[in-house]
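Student: Before anything else, here's the structure in question.
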Amino acid sequence: MMREKESYLGIDISPLSYDEIIEDLKERINKGVQSTIIAVNPEKVIAGEQNGELKQLINSSTYQIPDGIGILLASKLKGGRITSRVTGVDMMARLVEFASLNNHKVFLYGAKEEVVKTAKNNLEVKYPGLVISGYANGYVNNQEDLIQSINDSGAVLLFVAMGSPKQELWIRENMNKLNVKVFQGVGGSFDVFAGHVKRAPAFYRNLGIEWLYRLLKEPKRFKRQLALPRFLLKILVSK
Ligand code: UDP
């Protein structure tokens, strides 16, 4: 896929849609090349701008998906072409569906034992044919056994749910020991698939205003949400 990445405050963002990423991944899997997916939101752009190591971690990923309306607004302000969100949790759902249709095995690593187990069961019910050939909770201490069991599982896709940037650091450190081809850091997504965390209702999701739903439910988030206008202001004055 040739389309060029966009860059905000030095952080790269992939302009590809869900379908384009999956098309691209098909080719890369066939070639035996490993790929990494990281979700980027305004908070991560700001953090990356201030921390060179984090910036490098983000920019060295294969796909930096635009998770959050803030990135879309930044693209709009700067004449970019990113017009739809690619969220971490929906990307994972699309990849799991892709895996089920192409007989690729999947491994889940992260979250609490009960959460990851329930997420596995729910996903296997939702996507017939899906094979989740192994899983581990995010609090295991024997890393050598873990690496071994991921490789033994034959997984082509690995989802790591330990929060950011912990999950991405883990992926970077271990990918060369793994036969996995597609790695995605998915934050709290296993909690969502397990049904432990509710997403905003479709009404809010469709309008891209999940932030408003969260604000109404949890007014103390207001301070955190001030980060968005601050981010946009920074984007406006950046060259
Ligand atoms: N988690 C984990 N191991 C850890 C720390 C966190 O497995 O050492 C899991 C935790 O149980 C939860 C998820 O990581 O399921 C946290 O996701 P969070 O929503 O904080 O991540 P974000 O989406 O904000 O990056």
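The values are calculated or read from the model by the stated rules, or taken from the named source; none is laboratory data. Computed from a predicted structure; not experimentally measured. Note that each Cβ is placed from the backbone with ideal geometry, even for glycine, and that neighbours are counted across all protein chains shown. For accessibility, only protein heavy atoms count, side chains too; no ligands or nucleic acids. Shrake-Rupley method; radii C 1.70, N 1.55, O 1.52, S 1.80 Å.
Student: What number, in nm² with one decimal, is the all-direction average of the projected area of the convex hull of the alpha-carbon atoms of region 27-78?
Tutor: Seen from a random direction, the Cα hull of region 27-78 projects 4.3 nm² on average.
Student: What relative contact order, as a whole-number percentage, does region 83-155 give when Cα pairs under 8 Å and 6 or more residues apart are counted?
Tutor: Contact order relative to length: 34 percent.
Student: Provide the net charge surrounding Arg205, with neighbours chosen by a C-beta distance below 12 Å and charges set as Lys +1, Arg +1, Asp -1, Glu -1.
Tutor: Net of charged neighbours comes to +2.
Student: Calculated FRET efficiency, Lys217 and Ser84, Cβ-Cβ r, R0 25 Å, to nearest 0.05?
Tutor: Between Lys217 and Ser84 the formula returns 0.50.
Student: Still on this structure, please answer the following. Could you give the spread of the C-alpha atoms of region 197-236 along their three principal axes, from largest to smallest, in whole angstroms?
Tutor: Rounded to whole Å, the extents work out to 31, 22, 15 Å.
Student: With a 1.4 Å probe and every protein chain kept in, tell me what percent of the accessible surface of the chain is carbon plus sulfur.
Tutor: 53 percent
Student: Further question: May I ask for the equivalent-ellipsoid semi-axes of the chain, computed as the square root of five times each C-alpha gyration tensor eigenvalue and listed largest first in whole Å?
Tutor: 29, 21, 17
Student: Let a ≥ b ≥ c be the square roots of the eigenvalues of the Cα gyration tensor of region 120-199; is it rounded (a/c under 1.5), or, if not, prolate (a/b larger than b/c) or oblate?
Tutor: Taking the square roots of the gyration eigenvalues as a ≥ b ≥ c, region 120-199 is oblate.
Student: Continuing with this model, one more query. Could you give the length gained on full extension between Ser60 and Glu173, defined as 0.36 nm per residue of separation minus the Cα-Cα distance, in nm?
Tutor: 39.4 nm
Student: Show me the ranking of peptides 101-113, 7-19 by mean Cβ neighbours inside 10 Å, starting with the highest.
Tutor: 101-113, 7-19
Student: Of all the Cα-Cα pairs you can form in region 22-129, what percent are over 17 Å apart?
Tutor: Result for the distance tail: 64 percent.
Student: Is there a pair in Lys44/Lys105; Lys31/Lys76; Lys5/Lys31; Lys120/Lys166 whose C-alpha atoms are over 28 Å apart, and which pairs would that be?
Tutor: Too far apart for the 28 Å limit: Lys44/Lys105; Lys31/Lys76.
Student: In what sequence, highest mean first, do 49-59, 29-39, 150-160, 83-93 appear when ranked by Cβ atoms within 10 angstrom?
Tutor: Order by mean packing, descending: 150-160, 83-93, 29-39, 49-59.
Student: Next up: Suppose a student asked you for the relative contact order of the chain, using Cα pairs under 8 Å spaced at least 6 residues apart; what percent would you report?
Tutor: Once normalised by length, the contact order is 20 percent.
Student: Also, quick follow-up: Per the Kirkwood treatment, what hydrodynamic radius in Å, one decimal, follows for region 140-184 from the mean inverse distance over all distinct Cα pairs?
Tutor: It is 10.7 Å.
Student: What does the helix-only formula give at 222 nm for the chain: each DSSP H stretch with n ≥ 4 adding -39500 (n - 2.57), the total divided by the residues, and the result rounded to the nearest 500 deg cm²/dmol?
Tutor: Calculated mean residue ellipticity at 222 nm is -14500 deg cm²/dmol.
Student: State the extension gain, in nm to one decimal, for the chain segment bounded by Asn141 and Asn206, taking 0.36 nm per residue of separation less the distance between their alpha-carbons.
Tutor: The Asn141-Asn206 span can extend by a further 19.4 nm.
Student: Contact order normalised by length for region 66-195, with contacts defined as Cα pairs under 8 Å and 6 or more residues apart; what percent is it?
Tutor: 26 percent
Student: Let me see the P(r) profile for region 159-198: every Cα-Cα distance counted, bins of 5 Å, each bin given as a percent of all pairs.
Tutor: 6, 25, 26, 19, 14, 7, 2
Student: I've got another one for you. Provide the per residue accessible area, probe 1.4 Å, for region 112-239, rounded to a whole number of square angstrom.
Tutor: Heavy-atom accessible area per residue stands at 59 Å².
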